[in-house]
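What follows is one structure encoded as structure tokens, with my remarks underneath.
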Amino acid sequence: MQATASERPIPPVGIVFDCDMGNAIDDVLALAMLYGFSGSKEAEARLVSVSVTKSNLLAAAFCDALALFYREASFAALEAAGGPKLPDYLRRRRGLPIGYSDKGWMPDDSPMLARPLSRRDSAGEPLYPHEVEDVNDTAMPGPLMRNALTAQHDQNCIVVLTGPATNLAELLDLPNAKPIIEAKVKMLVVMGGAYPNGEPEFNIMSDIDAARKVFAEWPTPIVASGFEVGSELAYPAESIEADFAWAEDHPVVDAYRAYRTMPYDTPTWDLTAVLYAVRPDGGYFQLSDPGTISVLEDGRTRFASSPDGRHRYLILDPAQKANVIQTYREWVSARPDPPQRRR
């Protein structure tokens, strides 16, 4: 007898991830951490949508390559555990499309994307294959996110924004989008701004109108991680050299080495948003009182405390710094478990 919809188990929280892949290495680390969380046997989250605001096709191509890399690694783990070897047509079957904005924001090339994607194996084939060759191989971000949300259980989705708010502003303008967001989304976690009253921050400055729209109109609670939080939490170069040894070649490692001259530790602005989104009750960060975040005309963010406010921001807990860094290392570098059999 088939279970009714109300009897079916609710899956792990779905993550809608919108980023500016290619501008800083922390986007790569943040997406890798999401694959770590979603690829474990005790999956804590599921990636249900990935989209980019950087208007360079390599950004979408790299996201697609990363998805295929982790899927292939999961299949390899299955075979290593004695499972069946899957045929090539299943191994290369396309997964979720990548949302791509062509609005012209940040079109510059980035070595952290170009170098990994240019690598070839001994047969001359791409070392990190992908299926994004032109714009037609991508999806429009707004409709992609809206469609992903409609497939989720009510209040079982979290939207994570780690770049300009361009794509989320587009989502808000779609017909019937706000009721869908309100029904499906538990909260929006934004890496952007500086709190409570800081200087202009890159993600906000890159599209001020979109940021003002999202903070003013988004219909669910918002938690913001400001520039000041990720600046104090550095991802160690030691992890790049030691924690990814399970893969002879790894796109995250190649991107990290291409971004700057090794060794270097990097701020983890985007990882703070991902960690809080997946583990909001983990005790990694403190939360401000409720209030309202507004975006000024010059791109600065301002927080006004109010008991009925729907916005909060993260506060760094110095006692948790070592724990946060260790959690980063564990999940950014995690090797996928074999895929679980579905009934």
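When Val253 is tested against (1) β-branched (Val, Ile, Thr); (2) touching a residue at least 12 places away in the same chain (Cβ under 8 Å); (3) open to solvent by 70 Å² or more (accessible area, probe 1.4 Å), exactly one condition is not met: (3). Within region 49-67, the set of residues being surrounded by fewer than 24 Cβ atoms within 10 Å (Cβ to Cβ) and closer than 17 Å to Val160 by Cβ comprises just one member, Ala67. Of the residues that make up region 256-276, is at least one modelled with pLDDT under 95 and either of a type in the set (D, E, K, R) or surrounded by 20 or more Cβ atoms within 10 Å (Cβ to Cβ) (or both)? There is no residue in region 256-276 that is modelled with pLDDT under 95 and either of a type in the set (D, E, K, R) or surrounded by 20 or more Cβ atoms within 10 Å (Cβ to Cβ) (or both).
When Met205, Met191 are checked against the criterion of being of a type in the set (A, V, I, L, M), open to solvent by 60 Å² or more (accessible area, probe 1.4 Å) and in contact (Cβ under 8 Å) with a residue 60 or more places away in the chain, Met205 stands alone in meeting it. Just so you know, in region 25-38 the residues that are open to solvent by less than 20 Å² (accessible area, probe 1.4 Å) and of a type in the set (Gly, Ala, Ser) include one that is nearest to Thr266 (Cα to Cα), and it is Ala30.
May I ask you to verify whether Met21 is modelled with pLDDT of 95 or more, under 30 Å from Asp281 (Cβ atoms) and part of a loop (DSSP other than H, G, I, E, B)? Spelling it out, Met21 is indeed modelled with pLDDT of 95 or more, under 30 Å from Asp281 (Cβ atoms) and part of a loop (DSSP other than H, G, I, E, B).
Exactly one residue out of Pro221, Pro236, Pro196 is within 27 Å of Ile10 (Cα to Cα) and surrounded by fewer than 21 Cβ atoms within 10 Å (Cβ to Cβ), and it is Pro221. Put simply, of Val252, Val229 the only residue that is farther than 29 Å from Leu127 by Cα and not hydroxyl-bearing (Ser, Thr, Tyr) is Val229.
Within region 309-324, no residue that is among the acidic types (Asp, Glu) sits with its Cβ atom under 8 Å from a residue that is modelled with pLDDT under 95 at 6+ positions apart or across chains. From the list Thr301, Thr268, Thr292, the one residue that fits, being in contact with a Leu (Cβ under 7 Å, 6 or more places away or on another chain) and farther than 12 Å from Val189 by Cβ, is Thr268. Gln286 meets each of the listed conditions (1) over 26 Å from Ile240 (Cα atoms); (2) without any contact (Cβ under 8 Å) to a residue 24 or more places away in the chain; (3) of a type in the set (S, T, N, Q) apart from (2).
Looking only at residues in region 1-18 that are at pLDDT 95 or above and hydrophobic (A, V, I, L, M, F, W, C), the one that is farthest from Ser101 (Cα to Cα) is Val13. Taking residues in region 110-137 that are under 15 Å from Lys54 (Cβ atoms), and partners anywhere that are part of a loop (DSSP other than H, G, I, E, B) and open to solvent by 60 Å² or more (accessible area, probe 1.4 Å), the pairs with Cβ atoms closer than 8 Å and at least 6 places apart or on different chains are Val135/Asp102.
Among the residues making up region 322-334, those that are open to solvent by less than 70 Å² (accessible area, probe 1.4 Å) and either part of a loop (DSSP other than H, G, I, E, B) or hydrophobic (A, V, I, L, M, F, W, C) (or both) are Val324, Ile325, Trp331, Val332, Ser333, Ala334. Per the listing Tyr128, Tyr100, the residue uniquely more than 23 Å from Ala273 (Cα to Cα) and open to solvent by less than 40 Å² (accessible area, probe 1.4 Å) is Tyr128.
The values are calculated or read from the model by the stated rules, or taken from the named source; none is laboratory data. Worth saying up front: this structure is predicted, and the values here are computed from it rather than measured. Note that each Cβ is placed from the backbone with ideal geometry, even for glycine, and that neighbours are counted across all protein chains shown. SASA here: full protein model, heavy atoms, side chains in, ligands and nucleic acids out. Shrake-Rupley method; radii C 1.70, N 1.55, O 1.52, S 1.80 Å.
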